[in-house]
Amino acid sequence: MSAANRSRFVYVTVIRTTPEKLWEALTDAKLICRYWFDAIVDCDWKKGSSWRKARGDGSLTDTGEILEIDPPRRLVIRWQGEWKPEFKAEGPSRFTCALEPMDGAVKLTSTHEIERPQSAFIDALSEGWPLVLSNLKSLLETGEVAIRHL
């Protein structure tokens, strides 16, 4: 499908940490809960595994499947938005995390895309991802998150 028929959000940040510590933060349920506003993520982090994200109260927000996993370099998730009917109706998207060591830090490139133009789901994520990833960066660099609640 051409780029004109795809919606995409890319966020790049550099975090002063190691690839291994960043990978742990991306895949450890207790750490995810700290920087992702009490989110509950359930996954065993193997190719083909189901992936599920819920709010702190247990209400489902997203589901998916691990498409690729190459610790501590790359993670790809087929991602289905579940928290609004219009997001679910758009079908699955694809989320990719790429980790690249950079002189005592790690460049994290997060790409979320869907094969449809003008996606309301990607528009919503483009507001949320910077907050989540800023919290992740703060947690790894200082031991504390920047934003506790939305």
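Whole-percent P(r), the range 32-96, all Cα pairs, 10 Å bins from 0: 22, 50, 27, 1. The Cα atoms of the range 1-61 define a convex hull whose projected area, averaged across directions, is 6.3 nm². For the chain, the spread of Cα positions along the three principal axes, ordered from largest to smallest, is 40, 37, 28 Å. State the number of lysine pairs found in the chain whose Cα atoms come within less than 19 Å, restricting to pairs 8 or more positions apart or on distinct chains. Final tally of qualifying lysine pairs is 10. For Trp51, nonlocal amide neighbours, meaning residues 5 or more places apart or on other chains whose placed amide H falls under 5 Å from its own, are Gly64, Glu65, Ile66. The alpha-carbon atoms of the range 105-150 define a convex hull whose volume equals 66 cubic angstrom per residue. As a proxy for reagent exposure, ranking Thr96, Thr142 by other Cβ atoms within 10 Å from fewest up yields Thr142, Thr96.
Coordinate-derived values only; no laboratory data. Note that the coordinates shown come from a computational prediction; the quantities given were computed from them, not determined experimentally. Positions of Cβ are generated from backbone atoms using ideal geometry, with glycine treated the same way; all protein chains shown enter the neighbour counts.
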